[in-house]
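The values are calculated or read from the model by the stated rules, or taken from the named source; none is laboratory data. Since the model is a prediction, treat every value here as computed from it, not as a measurement. Methodologically, a virtual Cβ is constructed for each residue, glycine included, from the backbone with ideal geometry; neighbour enumeration extends over all protein chains shown.
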Amino acid sequence: MGGDIGIPVTLPAAIDSLEAYPCLHIVLVGDSAALQEAMPKDVAARFGNRLSIRHTTEIVEMDESPVMALRHKKDSSMRRAIDMVKAREADACVSAGNTGALMATARFVLKTLPGIDRPAICVAMPSEHGVVYMLDLGANVDCSPEQLLQFAVMGSAITTAVSGVEKPRVALLNIGIEDIKGNQLVQDAHQLMQKLSGPIEYVGFVEADEFYDAKVDVIVCDGFVGNVALKSVEGVARLIARFIKEEFSRSWLSMFAGLISRSVLSRAGKRMDPRGYNGASLVGLKGIVLKSHGSADRLATAYAIKQAYLQVEQNIPKRIEAGVQDWIGKGA
């Protein structure tokens, strides 16, 4: 029910996902009357009980306070979906709703894994030869060095599980790559990670202009820095897209050049399309919860569902817990 669009996006994306994954079952949690009204007539014949509805009477608004949502919206679609994960009635929850409310509710209901202080928001972004995972992207604006180390362990575990990288290279986001650069938090976290071997393959600092160079697999930072960095990247991507469109429409010669290069631009666009990287993982919880972008369309929402499906297959919480226990066992 959440996000900027709601049912007109989530329902078609759910149907697309059911077609793509024959073993997948989806429960749509929300207003059953509104969902039934939007439901295609042939859904029951096509999917049987693989698509069902769980009725709720409340919705968490996009601008609602996380505390208010947690205390007073216990029959919201968001709360009931997360309750289902806790009760093992569902393996994962995907929501395009209020990020703060989703994080607060998921943390309250599911709790964090042993050894994890706080969950983090983790997103896969395109890089030169695949993807790079970055966390935290807004859940924790103030962090301790130990929490950044926990983020490194969690990011490493999810990279191995989803991308198949055996020993992910983990870096700390900093204002320079020299050992003397950075604030006290980054310096202290750097010292901790240098001492740790086994759970992570720490390679040192990385600067923001090296996000996409394929030199690292995981980038660690606090939520304030990470959210600013992510929003800056998204803004630049939109600006470049506008510039290209403007230049190709400037004259008939430019339009002709655009027609000639359309296939190249299309391939490049698909590699950079943010819809193909939608779905931020709330890692560190005793359950799988993904946050879809509030403005996600049908394709982007289906991708977030795909990410949840893959994380269930790879049992991400167990992998993260194993990595954390390895780290604790080494005396970190």
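A few points about this structure:
- Scanning the range 178-217 for residues that are of a type in the set (Gly, Ala, Ser) and either farther than 16 Å from VAL153 by Cβ or in contact with a Leu (Cβ under 9 Å, 6 or more places away or on another chain) (or both) returns GLY182, ALA189, GLY204, ALA208, ALA214.
- Pairs with Cβ under 7 Å, 6+ apart, first in the range 16-29 and of a type in the set (Gly, Ala, Ser), second surrounded by 12 or more Cβ atoms within 10 Å (Cβ to Cβ): SER17/LEU24; SER17/ILE26; SER17/ALA302; SER17/ILE305; SER17/LYS306
- The combined condition, being in a helix (DSSP H, G or I), of a type in the set (A, V, I, L, M, F, W, C) and more than 17 Å from PHE224 (Cβ to Cβ), is fulfilled by ALA152.
- Residues that are among the aromatic types (Phe, Trp, Tyr), buried (at least 16 other Cβ atoms within 10 Å of the Cβ) and without any contact (Cβ under 8 Å) to a residue 12 or more places away in the chain do occur in the range 236-254.
- Residues of the range 172-220 classified as under 21 Å from the mean Cα position of the chain (by Cα), aliphatic (A, V, I, L, M) and surrounded by fewer than 18 Cβ atoms within 10 Å (Cβ to Cβ), total: 2
- Residue selected from the range 45-78 under the condition part of a helix (DSSP H, G or I) and touching a strand residue (DSSP E or B) at 6+ places or on another chain (Cβ under 8 Å), by the criterion farthest from LEU282 (Cα to Cα): ARG50
- Any hit, the range 28-40, residues being part of a strand (DSSP E or B), modelled with pLDDT of 95 or more, surrounded by 13 or more Cβ atoms within 10 Å (Cβ to Cβ) and touching a Leu at 6+ places or on another chain (Cβ under 8 Å): yes
- Scanning the range 165-183 for residues that are in contact (Cβ under 8 Å) with a residue 40 or more places away in the chain and not charged (D, E, K, R) yields VAL165, PRO168, VAL170, ALA171, LEU172, LEU173.
- Residues that are assigned to a helix (DSSP H, G or I) and charged (D, E, K, R) within the range 218-255 comprise LYS231, GLU234, ARG238, ARG242, LYS245, GLU246, GLU247, listed in sequence order.
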